[in-house]
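Structure record follows, encoded as structure tokens.
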């Protein structure tokens, strides 16, 4: 099944500058593993070594947070829109 993945600005350089990609996978885990294989530089920003979602990455399927849809087991349907949103932290001294 093909879905559209929206890539955040911070990850675009490591993913060839793409703004969106057509991705395949039955679950978010499949999609993110496929991205990690295709773009090894982003692997550590997407998944932990045990295959779970990186804690500072928010992933949405059609505006729904995948953490409430089954995490890496969240199903991906043909035509879904997947959005990656890395958390940004910082502050003043």
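What the table shows:
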{"quantity": "Checklist (1) farther than 21 Å from residue 17 by Cα; (2) not in a loop (DSSP other than H, G, I, E, B) applied to residue 34, failing item", "calculated": "(1)"}
{"quantity": "Extreme residue, surrounded by the fewest Cβ atoms within 10 Å (Cβ to Cβ), among residues of segment 17-27 that are more than 12 Å from the chain's Cα centre (by Cα) and closer than 22 Å to residue 88 by Cβ", "calculated": "17"}
{"quantity": "Residue selected from segment 55-90 under the condition at negative phi and at pLDDT below 90, by the criterion surrounded by the most Cβ atoms within 10 Å (Cβ to Cβ)", "calculated": "86"}
{"quantity": "Pick from segment 36-52, criterion in contact with a helix residue (DSSP H, G or I) (Cβ under 6 Å, 6 or more places away or on another chain) and touching a residue at least 12 places away in the same chain (Cβ under 8 Å), ranking: surrounded by the most Cβ atoms within 10 Å (Cβ to Cβ)", "calculated": "42"}
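The values are calculated or read from the model by the stated rules, or taken from the named source; none is laboratory data. Only a predicted model underlies this, so the values are computations on that prediction, with no experimental measurement involved. Reconstructed Cβ throughout: ideal geometry from the backbone, glycine too, with neighbour counts over all protein chains shown.
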